[in-house]
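Working notes, beginning with the structure itself.
The values are calculated or read from the model by the stated rules, or taken from the named source; none is laboratory data. This structure is a prediction, so every number in the text was calculated from the model and none was measured. Using ideal geometry, Cβ is built from the backbone for each residue, glycine included, and neighbour counts are taken over all protein chains shown. Heavy atoms of the whole protein, side chains included, go into the accessibility calculation; ligands, DNA and RNA do not. Shrake-Rupley method; radii C 1.70, N 1.55, O 1.52, S 1.80 Å.
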Amino acid sequence: MGNLLMIWRLCIQNFRKWTANPRIYVLAILMLIHFYFYSPTINNFCQDMELSITPYLFPLVIKNMANLNLIMLALVLLFCDAPFLDEEQPYILIRAGKKRWMAGQVLYLALASLVYFVFIQVSTLLFCLQSLEFDMEWGGTIIRIANKKIPPDLGYNVNFPVNLIEAYDPLNGLLLNTGIAVLVGVMLGLIMFALNIRFNRAIGALGASAVVLTSSLDLGNPNVSIYFRPVAWIDMGNLNLNGLSSLPSVEYVLAVLGIAILGLSILCYLLVRKKNIEVMPQI
C-alpha cells in the first residue's frame, strides 16, 4: 500500500508543476484556437442540413488526418521534457528509489494523456454547443455522415467511421477510442523518455514526431502497413471492429500497445538505473 501511495504522489507532483509551466498554457491556447476555427465545419454543416448532432464527436474530429496529426504533435509538445528531471527530482529519486520513481512517471504519462484527450473532446463540444443535441444513441446526423449520405455540393469534409457505429454503442465506442488514444500517448511519451535519457531532447521530440507523421503515410500496401502505424489506430476507421475486414483487430492493437508500453517502460528503467541523473532545465 505504501508503494502505491508513493507512486501516486510522484505522479501528482508532476501535475502540480503544470500551474508554473508556461508550455502547458501555450499548448491549451493553441488547441482552443485550432478548435475555434475547426468548429464552423461542424456548425455550418448542421445549419445547412438543418440538423443537430450528438456529442460523440471525437471519432469525427480525428477522422480528419490533419486534425489527428496536429493533436498528436501537440501531445509530443506536452511530453517533450520527459523524463521531467527538474531540480527536485534527484532528491525525490533518492527518497523513492528508481523503481517507484519510474512507475510514477509511467502513471503520470497515462493520466496526463487521459486529461489531454478529455480536454480535446471538451474543447470540441464547447465550440459546437449551438449544434448539439443529447441522445444515448449515435443519432441520425452521425449515422448519415458515416454512411456518406451528404449532398456532394455542400463540400463539407466530415467523415465518421461507420464500423464504429456498427460494432459499438456511443459510450463504449467513445471509451474504446479514447483508451486507444491514451495508450498511443503513453507510448509516444515513453519513446521520448528513452531517447531523451540516451541522447538529448531534440532527438526525443524528433523520434516521437517521426512516429506521428509516418503513421499518416500508406507505405506499400495500406492494408499491410496499417499494422505498423500505431498513431493511425486512433482513427477507428482503420480497425477491424466487426470482424469483416483484414484491418488490425482491437485485440491486436491493445496487445501491441501493451507490449510496447511494457517494453519501453523496462528500457527506460534500465537507462535510468545505469545513468547518473542530471537536472534537465524545463522547456
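Would it be correct to say that ALA28 is under 26 Å from LEU206 (Cα atoms), free of Cβ contacts under 8 Å to residues at least 24 places away in the same chain, assigned to a helix (DSSP H, G or I) and not acidic (Asp, Glu)?
Details: under 26 Å from LEU206 (Cα atoms): yes; free of Cβ contacts under 8 Å to residues at least 24 places away in the same chain: no; assigned to a helix (DSSP H, G or I): yes; not acidic (Asp, Glu): yes.
No; evaluated as a whole, the condition is false for this residue.
Can you find, within the range 44-71, the residue that is modelled with the lowest pLDDT among those that are open to solvent by less than 10 Å² (accessible area, probe 1.4 Å) and of a type in the set (S, T, N, Q)?
Within the range 44-71, the match that is modelled with the lowest pLDDT is ASN67.
Identify the residue in the range 245-266 that is in a loop (DSSP other than H, G, I, E, B) and free of Cβ contacts under 8 Å to residues at least 24 places away in the same chain and, among all such residues, is least open to solvent (accessible area, probe 1.4 Å).
PRO248
Within the range 228-242, can you find the residues that are outside any helix (DSSP H, G or I) and more than 17 Å from VAL162 (Cβ to Cβ)?
Across the range 228-242, the qualifying residue is only ARG229.
Can you find, within the range 30-43, the residue that is modelled with the lowest pLDDT among those that are within 11 Å of CYS128 (Cβ to Cβ) and of a type in the set (Phe, Trp, Tyr)?
Among residues in the range 30-43 that are within 11 Å of CYS128 (Cβ to Cβ) and of a type in the set (Phe, Trp, Tyr), the one modelled with the lowest pLDDT is TYR38.
Sort out which residues of the range 133-176 are of a type in the set (S, T, N, Q), out of contact with any Asp or Glu (no Cβ under 9 Å at 6 or more places or on another chain) and not in a loop (DSSP other than H, G, I, E, B), and write them in order of number.
In the first step, residues of the range 133-176 are kept if they are of a type in the set (S, T, N, Q); the result is 141, 147, 157, 159, 163, 172.
Now narrow it down to the ones that are out of contact with any Asp or Glu (no Cβ under 9 Å at 6 or more places or on another chain): 147, 157, 159, 163, 172.
If the condition is that a residue be of a type in the set (S, T, N, Q), out of contact with any Asp or Glu (no Cβ under 9 Å at 6 or more places or on another chain) and not in a loop (DSSP other than H, G, I, E, B), then ASN163, ASN172 are the ones that fit.
Only residues that are hydrophobic (A, V, I, L, M, F, W, C) and in contact (Cβ under 8 Å) with a residue 24 or more places away in the chain: list them for the range 91-107, please.
Selection gives ILE92, LEU93, ALA96, TRP101, MET102, ALA103, VAL106, LEU107.
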